[in-house]
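Data block below; observations after.
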Amino acid sequence: MNVLLLTWEFPPNKVGGIGSHCYDLSRELTSMGHEVDVITYGEQESEEETDGVRVHRVPSTWAPDTISWAMFLGHRMEKKAIEINKERKIEVLHAHDWMTVPGAVGIKKMLGVPMAFTIHSTEAGRNGVYSEYSRMINDLEWYGTYEANEIITVGRDFSEEIKSRFHPPAEKVHYIPNGMDLKRYDEATRNTKRSDYAGDWEKIVFFAGRMVRQKGVEHLIDAVPNVLKEHRDAKFVLAGGGNLDEYRAIAAHKGVSDKTYFLGQVDEQMIFSLFKIADVSVAPSVYEPFGIVALESFAGETPMVASSVGGFKETVKHEWSGLHTYPANSQSIADQLNRVLSDEKWGSWMGRNGRKDTEENYRWDKIAAYTTGVYGRAMELW
Amino acid sequence: MERVLLLCNELSEQNPTGRHCTYLKNYLSEKGIDTETVSFSTNQQDKNVHSARPIVGANNPFNWAMLANNEMKMQGREIHEKKGFDLIHAHDWITAPAGMALSKLTEKPLIFTLHSTENNRGFSNQHSQVVSSIEWWATFEARKVIVDNLDAYNSVKYDLNLPEHKVRLIDPMQFGWQEKVLEEYQKAKKQAVKA
């Protein structure tokens with residue numbers, strides 16, 4: 001089938017996990033024999049083809065805020081879709097998150113094609129709906145679920161959130177988890193040496209994610225002194241962009257600056273490498289529909305200590321591939337980190353279990369197959 | 001010229017742009033040209049007038065317009081599939097996204113009327129830049145740009161850098177203005193056939 005994917009970010013432009021998700025999905029769909037075009041944002045209009053996936057980048061314009069920017073981007077995406085449609089009749093459109101909703105609905109209505117919509121998280125969960133601006137984002141998320149013929153969510157709990165928040169017909173909502181390209185991970189980390197990142201005596205606790213409230217970084221920093229009490233050799237490495245200065249200041253206030261290293265935004269290869277060499281990874285999120293970091297950690301056979309929220313409830317299997325903590329509870333985070341750091345063998349065993357689970361249940365070929373099933377349903381009912 | 005698709009913000013006699021569209025629509029009908037009109041706001045009971053209202057609210061007029069345009073595009077596509085049309089005539093930036101998209105989809109020429117530009121209106125709010133971008137794109141993609149006053153004419157020429165041959169000033173206060181619009185339709189259609 002001829003598929004058009006719409007995403008505001010696509011590698012090498014990446015901010016969150018949507019770019020990686022669309023990259024892996026598009027490659028897998030192509031390898032299954034489908035024709036895939038991706039329309040995404042680019043500073044300049046350009047086209048490229050990688051592994052059979054045609055990527056079309058279109059610019060937006062200066063706008064006073066992200067919503068209006070996304071509205072204009074949608075208009076440019078739509079024009080590109082009309083061009084693509086003249087060459088290859090688009091059979092199904094797949095939009096990702098609220099930023100592509102205005103453009104996706106425009107394409108659906110303009111070309112008369114069925115639309116699938118993957119919602120990766122909600123504004124209510126990320127920031128809360130507390131202003132006219134955040135209400136508008138929330139409304140665009142609703143608009144996407146209303147206009148989509150089929151909705152895909154990345155977490156089982158998250159499906160329930162979507163159903164109760166936006167009230168779509170239940171049969172329209174499908175849970176398909178995120179996936180992990182283990183081949184790419186292994187290639188990227190083939191030459192990774194622990195000695196490049198840490199001393200033999202150090203125990204690395206690794207966090208990867210945006211430095212925002214949703215990721216719960218402040219709870220992790222709160223937990224650091226209690227971990228150091230038991231494991232003076234622990235070193236906390238935090239990778240991700242965002243409110244770095246704020247979190248550095250919190251670490252300084254707690255007196256743990258010398259044990260917390262904020263790397264800022266780093267590339268994917270470094271993230272993968274750090275997951276591989278870490279003794280344990282940590283994800284203290286207060287809201288996480290899926291949490292791809294769990295799979296990235298398991299790919300490197302590293303156990304994860306994660307909040308018992310959203311997707312982590314499924315991906316991190318308590319005391320088998322990692323440990324759950326109470327959400328937003330620094331004592332719980334410290335306790336669970338201490339448990340893993342105190343028993344190296346158990347940690348390694350959990351890491352290996354995580355890898356096995358990822359190999360079996362989060363393979364992109366499986367996920368792409370489920371996704372095409374949803375496309376088929378959207379086309380059938382159109 | 002058999003059928004025209006008019007895209008208007010408002011189709012009423014309550015304000016100047018609404019009146020402009022209404023009079024033009026009536027004139028075209030009198031001349032035997034089928035006119036399908038899609039408007040965001042109308043109280044006219046006419047089978048050839050279609051209302052496009054967004055199904056979701058917005059936090060400012062720009063975002064509202066972009067969402068409303070999605071409905072306008074759908075109406076335009078459905079009209080094209082059912083009856084077809086020879087030309088699209090969009091009015092002002094507020095209908096321009098639908099006009100441009102429908103023109104690209106159907107390969108029918110776009111005539112774009114600007115009653116004023118964002119520069120004429122003072123470029124005075126936070127969305128002025130993005131609105132002006134849309135105006136620029138629409139004047140760029142239109143086969144012909146019609147303005148109805150000298151201020152708009154100068155702004156289109158100097159602010160939006162449109163070549164003089166692409167713009168025509170048609171004063172709606174003068175007798176026979178609709179005839180001049182029709183003249184532009186005929187020219188645009190001929191050019192489109194040649195192209």
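The values are calculated or read from the model by the stated rules, or taken from the named source; none is laboratory data. Just so you know, these numbers come straight off a predicted model, no measurement behind them. Here the Cβ is made from the backbone with ideal geometry for all residues, glycine too, and neighbour counts use every protein chain on show. Quick note on the areas: whole protein, heavy atoms, side chains included, nothing else; ligands and nucleic acids left out. Shrake-Rupley method; radii C 1.70, N 1.55, O 1.52, S 1.80 Å.
Screening chain A for DSSP H helices whose Cα atoms reach 27 Å or more along their own axis and whose mean Kyte hydropathy is at least -1.0 gives A:66-87. The mean accessible area for residues of the protein assembly as shown, using a 1.4 Å probe and ignoring ligands and nucleic acids, is 40 Å² per residue. At 10 °C and a viscosity of 1.306 mPa s, what translational diffusion coefficient does Stokes-Einstein give for the protein assembly as shown, taking Rh as the Kirkwood radius over Cα pairs? Give it in µm²/s as a whole number. For these conditions, the coefficient is 61 µm²/s.
Using mean Cβ contacts within 10 Å as the protection proxy, how do A:142-149, A:266-273 order, highest first? Show your work: numbers first, answer last.
Values: A:142-149: 21.9, A:266-273: 16.9.
Result, highest mean Cβ count within 10 Å first: A:142-149, A:266-273.
Between A:Arg156 and A:Val286, the distance separating the two model label sites (each 7 Å from Cα on the Cα→Cβ line) works out to 2.6 nm.
Computed per residue of chain B from DSSP H runs no shorter than four, each worth -39500 (n - 2.57), the mean residue ellipticity at 222 nm is -15500 deg cm²/dmol. Centre-to-centre, using Cα atoms only, region A:160-237 and region B:89-159 are separated by 48 Å.
Using only alpha carbons, build the gyration tensor for region B:3-194 and give me the equivalent ellipsoid semi-axes, biggest first, whole Å. Could the numbers behind the result be given before it?
On the way: eigenvalues 97, 86, 54 Å².
Taking √(5λ) for each eigenvalue gives 22, 21, 16 Å, largest first.
Count, for each residue of B:60-66, the Cβ atoms from other chains sitting within 10 Å of its Cβ, then give me the mean as a whole number. All intermediate terms of the calculation are to be shown ahead of the outcome.
Numbers: counts 7, 0, 7, 9, 1, 1, 10.
Partner Cβ neighbours, averaged per residue: 5.
In a DSSP loop and with at most 10 other Cβ atoms within 10 Å, the chymotrypsin sites (Phe, Trp or Tyr not before Pro) in region B:151-195 are B:Phe175.
Rounded to the nearest 100, the interface formed by chains B and A buries 2700 square angstrom of accessible surface, both chains summed, with a 1.4 Å probe. Between A:Glu78, A:Glu301, A:Glu160, the GNM of chain A built on Cα springs shorter than 10 angstrom shows A:Glu160 fluctuating the most. Taken residue by residue and averaged, Cβ atoms of other chains lying within 10 Å of the Cβ of A:130-136 number 2.
When the Debye formula is applied to the Cα atoms of region A:241-382, each taken as the same point scatterer, what base-10 log of I(q)/I(0) results at q = 0.18, 0.22 Å⁻¹? Listed by q, the Debye log ratios stand at -1.10, -1.42.
Per residue of chain A, what 222 nm ellipticity follows from adding -39500 (n - 2.57) for every DSSP H run with n ≥ 4, rounded to the nearest 500?
Values: 15 runs with 180 residues, N = 382.
Taken over chain A, the calculation gives -14500 deg cm²/dmol.
Tally the DSSP beta bridges in the protein assembly as shown and give the antiparallel ones as a percent, rounded to 5.
Details: 5 of 77 bridges.
Counting DSSP beta bridges with both partners in the protein assembly as shown, the antiparallel share is about 5 percent.
What is the Cα convex hull volume of region A:1-119 when expressed per residue in Å³? Don't skip to the end; give the middle numbers.
On the way: hull volume 11.0 nm³, N = 119.
Convex hull of Cα atoms, per residue: 92 Å³.
Largest GNM mean-square fluctuation across A:Trp62, A:Trp364, A:Trp320, computed for chain A with C-alpha springs under 10 Å, falls on A:Trp62. Residues in region B:48-55 carry Karplus couplings, in order, of 9, 10, 10, 9, 10, 10, x, 8 Hz; the curve used is 6.51 cos²θ - 1.76 cosθ + 1.60 with θ = phi - 60°, and Gly or Pro positions show x. Centre-to-centre separation between the Cα atoms of region A:32-59 and those of region A:288-311: 29 Å.
Among A:Ser195, A:Ser281, A:Ser20, the largest mean-square fluctuation in a Gaussian network model of chain A (Cα springs under 10 Å) belongs to A:Ser195. Checking the Cα-Cα distances for A:Lys172/A:Lys215; A:Lys86/B:Lys190; A:Lys313/A:Lys345; B:Lys108/B:Lys190; A:Lys14/A:Lys366 against a 21 Å cut-off, the pairs over it are A:Lys172/A:Lys215; A:Lys86/B:Lys190; A:Lys313/A:Lys345; A:Lys14/A:Lys366. Just the number, please: carbon plus sulfur as a percent of the accessible area of the protein assembly as shown, 1.4 Å probe, no ligands or DNA/RNA counted. The nonpolar share, carbon plus sulfur, comes to 47 percent. For region A:120-144 versus region A:344-360, the spacing of their alpha-carbon centroids is 36 Å.
Take every residue in peptide B:103-110, count the Cβ atoms of other chains within 10 Å of its Cβ, and give the average of those counts.
On the way: counts 1, 9, 9, 1, 2, 0, 0, 0.
Mean partner-chain Cβ count within 10 Å for B:103-110: 3.
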